[in-house]
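The block underneath contains the structure these notes are about, expressed in structure tokens.
The values are calculated or read from the model by the stated rules, or taken from the named source; none is laboratory data. What you see is a predicted model; the values in this text were computed from it and never measured. Note that we place each Cβ from the backbone using ideal geometry, even for glycine, and neighbour counts take in every protein chain shown. Calculation scope for accessible area: heavy atoms of the full protein, side chains included, ligands and nucleic acids excluded. Shrake-Rupley method; radii C 1.70, N 1.55, O 1.52, S 1.80 Å.
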Amino acid sequence: MEYLSTGKILVIDLATSKIEETALDESLVSEKIGGAGITKHLCEKYLNDDPIVIGTGLLTGTTCPASAGGLITAKSPVTGKLCHCPIIYKVGIEIKFSGYDYIVVKGVSDNPVYLWIHDGVADISDASGIWGKDVWESTDSLRKLMGDDLIQTMVIGKAGENRSDYAQICYNYWSSPDRFGLGKLFGSKKLKGLAFRGMGLIEVADHENFVRRSLEILKEIKTNDFMTKKGIAEIASAIGEAGIKEWLEPIVHRHSADYFTPYATNTAVFFDEDPKRVEESKVAEPGVLISDVPALLAFKKLGLSAEDTGRALKACAKYGIDPAAVAGLSGKSSLKEIVDSFDGLSGTVALKGKGIFSPWCPLKPIFNDFGLSGDAAEAEAWWERRQAVAMIFGIQPIFSVMCPELSEENMLELAGIGTELDLTQEILDKVVADLLK
Amino acid sequence: MGIKIDALKCINCMACEMACSYHRDDGFAFLSACIVVYRAREKQDYFGVLLKEEEFLKVARPEGLEVNRIGEAADPNKKADASVKPMLLREGCDLCEDMDDYGPMCKAICPADAITLE
Ligand code: SF4
Ligand code: SF4
């Protein structure tokens with residue numbers, strides 16, 4: 001596969017330490033398009049080796065607006081179902097630019113390891129020096145070890161090492177959309193994490209047309225009222241949570257976006273530094289970055305102050321535990337009790353819909369109504385299709401439920417211009433139907 | 001004429017970096033960008049934009065613009081960013097003079113309108 005792609009699939013066997021590279025065939029892209037279409041195919045291909053497949057969408061890391069996304073596909077150790085966990089922030093693009101479209105991790109390692117994937121090279125490295133460290137310490141250690149602060153990581157903390165059902169794979173320092181206990185899967189494979197860095201070049205079949213259409217779509221997107229807004233509280237407010245903006249505002253530092261995502265879906269809050277400080281903080285860890293709307297709302301509903309919610313979210317991110325599960329299952333309502341509950345957490349978190357996409361992304365349209373009638377079943381089916389399509393092309397999932405201009409038609413058009421493949425609505429419908437089976 | 005960046009409007013999305021590299025490489029990469037988001041102080045949530053011009057390295061920080069003449073020592077009170085080093089080896093901003101349809105690509109792509117031409 002020559003275009004919009006590195007053309008390479010990496011297969012890593014933790015049991016034998018064998019690393020193989022295979023080509024991403026154009027025929028597979030013609031049939032499955034990319035992202036979840038191909039990660040699911042690879043999971044089925046390596047089914048007997050308990051695979052985790054990490055991948056990017058066909059449009060990830062391009063000039064297509066919101067093309068930030070990647071995904072982790074695996075059988076959830078909690079639900080037993082194949083699930084697709086979004087990769088957000090700037091981690092998805094770093095995977096593609098590190099030289100691989102898809103990474104299959106199979107087998108179980110005897111000893112703790114991490115994978116270092118950089119500029120088309122992959123290494124399995126001894127993780128004994130970071131096993132036992134929390135998520136923040138692990139990312140700091142990996143960046144220090146490689147001497148590059150821009151390395152993007154996926155790591156587990158204590159929750160994953162202890163094989164908690166609520167363990168998350170975290171990205172860099174932050175909580176992730178992992179509601180599937182995939183951190184437990186890393187822990188059971190003795191896989192502490194992955195580190196990515198790369199300076200690759202992605203070729204485009206007709207780059208002039210691709211960029212022209214991307215900028216036209218961006219122009220349409222910029223006519224939305226949401227372009228005057230930023231941050232997580234506006235999202236929560238738009239889906240009906242009254243008072244959230246006033247509650248969070250005193251600790252808001254800044255808002256930031258995933259790669260080329262026109263709406264800043266992430267909000268950093270400071271509680272160990274003046275949130276209004278514009279110069280670089282001298283405090284090493286002044287706060288936390290929040291991307292999880294349901295978790296934020298769940299802590300608020302427990303009666304926590306915004307500051308204590310920030311502290312709880314930071315503790316969850318360090319421990320590598322799903323903050324929504326902690327808020328929903330701990331039964332506690334003070335910060336100390338909540339943090340003390342991590343190890344003893346029990347119970348089941350019900351996933352919405354088919355349980356294959358993460359309800360980290362709100363299950364309602366945000367800022368736009370997408371022509372939905374208000375019927376709950378219709379909204380759920382719309383949300384699942386939107387998630388499936390976002391995961392195929394590599395679109396930031398939250399942005400995909402706020403932006404009608406990122407239509408299936410537009411994504412297919414860009415994918416066609418970028419690859420010169422005849423990617424039709426029928427093919428997309430087939431891939432989506434297979435994902436939702 | 002030159003590029004002006006409002007670091008407080010910036011949402012740290014890296015699109016300008018991609019667009020700038022694209023105008024030199026005709027593909028998608030971050031290899032040749034002379035506009036780069038500095039984002040290494042992630043835990044401090046401190047980010048802004050670096051621009052390499054022929055003679056100057058401009059650092060659009062949230063607290064204001066810093067202009068350094070290339071070759072002269074930078075302010076020792078400001079920590080260098082990992083993004084600076086490779087920037088010095090790259091070509092400076094040419095205002096995308098070859099991009100007839102768009103003008104400056106970084107300006108055309110910035111979703112937050114943080115980049116203007118002055
Ligand atoms: S005007 Fe063009 S060359 Fe200059 S920084 Fe912007 S994209 Fe790069
Ligand atoms: S494109 Fe605009 S918002 Fe995005 S990083 Fe560049 S200056 Fe900031």
* Structure fact -> If amide H atoms are modeled at 1.01 Å from N in the peptide plane, then the residues at a separation of 5 or more from residue A:264, or on another chain, having amide H under 5 Å from its own are A:231
* To do: Only helical DSSP H runs with n ≥ 4 go in: add -39500 (n - 2.57) per run for chain B, normalise by residue count and round the 222 nm mean residue ellipticity to 500 deg cm²/dmol.
  => -4500 deg cm²/dmol
* MRE, 222 nm, helices only [DSSP H, n ≥ 4, -39500 (n - 2.57), over chain A, to nearest 500] -> -10000 deg cm²/dmol
* Distance in nm between label sites at residue A:188 and residue B:1, each 7 Å beyond Cα in the beta-carbon direction? -> 6.1 nm
* Asked: Ordered by residue, what ³J(HN,Hα) values in Hz, to whole numbers, does segment A:251-265 give under the Karplus form 6.51 cos²θ - 1.76 cosθ + 1.60, where θ = phi - 60° and Gly and Pro are x?
  -> 10, 6, 9, 8, 10, 9, 10, 6, 3, 6, 9, x, 9, 7, 7
* Inter-part distance where segment A:77-120 and segment B:34-57 are each reduced to a Cα centre, Å -> 28 Å
* Highest-MSF residue in chain A out of A:48, A:209, A:266 [GNM, Cα springs under 10 Å] -> A:48
* Structure fact -> Note, segment A:366-371: 3J(HN,Hα) by Karplus (6.51, -1.76, 1.60, θ = phi - 60°), whole Hz, Gly/Pro = x, goes 10, 6, 10, 9, 6, x
* Asked: Taking +1 at the Cβ of each Lys and Arg and -1 at the Cβ of each Asp and Glu, which of A:36, A:187, A:329 sits farthest along the dipole of chain A towards its positive end, judged by Cα position relative to the Cα centre?
  -> A:329
* Rounded to whole Hz and in sequence order, give me ³J(HN,Hα) for segment B:98-106 from the Karplus expression 6.51 cos²θ - 1.76 cosθ + 1.60, θ = phi - 60°, writing x for Gly and Pro. => 8, 8, 4, 6, 10, x, x, 5, 5
* Asked: In a GNM of chain B with a 10 Å cut-off on Cα contacts, which of B:20, B:34, B:93 has the highest mean-square fluctuation?
  -> B:93
* Structure fact -> Note on chain A, DSSP bridge orientation, antiparallel percent to nearest 5 equals 80 percent
* Express in nm, to one decimal, how much length is gained between residue A:47 and residue A:23 on full extension, taking 0.36 nm for each residue of separation and deducting their alpha carbon distance. => 6.7 nm
* Asked: In debye, nearest 20: dipole of segment A:36-118 around its Cα centre with unit charges on the Cβ of K, R (+) and D, E (-)?
  -> 200 debye
* **Relative contact order of chain B, pairs being alpha-carbon contacts under 8 Å that are 6 or more residues apart, as %** => 33 percent
* Structure fact -> In chain B the cysteines whose Cβ sits 4.7 Å or more from every other Cys Cβ are B:10, B:13, B:20, B:34, B:93, B:96, B:110
* **Within segment A:218-344: Cβ-based charge dipole about Cα centre, in debye rounded to nearest 20 (Lys, Arg +1; Asp, Glu -1)** => 200 debye
* Asked: Taking the Cβ-Cβ separation of residue A:201 and residue A:352 as r and a Förster radius of 45 Å, what is the calculated FRET efficiency to the nearest 0.05?
  -> 0.70
* Set A:90/A:352; A:318/A:437; A:229/A:314 screened for pairs whose C-alpha atoms are more than 32 Å apart -> A:318/A:437
* To do: List the accessible area buried at the contact between A and B, summed over both sides and calculated with a 1.4 Å probe, in Å² to the nearest 100.
  => 3900 Å²
* Determine the dipole magnitude for segment A:330-387: charges of +1 sit on the beta-carbon of Lys and Arg, -1 on that of Asp and Glu, nothing else is charged, the reference point is the Cα centre, and the result goes in debye to the nearest 20. => 100 debye
* Structure fact -> Longest principal axis of chain B (C-alpha) makes with the long axis of helix B:15-25 (C-alpha) an angle, in degrees to the nearest 10, of 60 degrees
* **Cα lying deepest toward the dipole's positive end in chain A, options A:367, A:344, A:51, charges on Cβ** => A:344
* Structure fact -> Per the 1/(1 + (r/R0)^6) rule, R0 = 51 Å and r from the Cβ atoms of residue B:89 and residue A:278, FRET efficiency to 0.05 is 0.95
* Asked: Shape of segment A:45-151 from its Cα gyration tensor (a ≥ b ≥ c, root eigenvalues): rounded if a/c is under 1.5, otherwise prolate when a/b > b/c, or oblate?
  -> oblate
* Asked: Sequence-distant or interchain residues sharing an amide H contact under 5 Å with residue A:254, placed H: which?
  -> A:268
* Take every residue in peptide A:258-264, count the Cβ atoms of other chains within 10 Å of its Cβ, and give the average of those counts. => 6
* With r defined as the distance between the Cβ atoms of residue A:377 and residue B:70 and R0 fixed at 60 Å, what FRET efficiency is calculated, to the nearest 0.05? -> 0.45
* Can you give me the relative contact order of segment A:218-344 as a percent, contacts being Cα pairs under 8 Å and 6 or more apart? -> 18 percent
* First compute the accessible area of chain B with a 1.4 Å probe, then give the percent of it belonging to carbon and sulfur atoms. => 50 percent
* Cα shape, the protein assembly as shown, gyration tensor, a/c 1.5 rule -> rounded
* Asked: Other chains near B:61-68: what is the mean number of their Cβ atoms within 10 Å of each residue's Cβ?
  -> 2
* To do: Go through B:114, A:201, A:111 and say which Cα lies farthest out towards the positive end of the charge dipole of the protein assembly as shown; charges sit on Cβ, +1 for Lys and Arg, -1 for Asp and Glu.
  => A:111
* Build a GNM of chain A with springs between Cα atoms under 10 Å: which of A:191, A:335, A:201 gets the top mean-square fluctuation? -> A:201
* Asked: What does the highest-first list of A:13-19, A:313-319, A:382-388, B:4-10 look like by mean Cβ count within 10 Å?
  -> A:313-319, A:382-388, B:4-10, A:13-19
* Asked: Over chain A, what relative contact order in percent results from Cα pairs under 8 Å that are six or more residues apart?
  -> 20 percent
* Asked: Taking amide H positions as placed 1.01 Å from N in the peptide plane, with prolines and chain starts having none, which residues 5 or more places from residue B:56, or on another chain, fall under 5 Å of its amide H?
  -> B:70
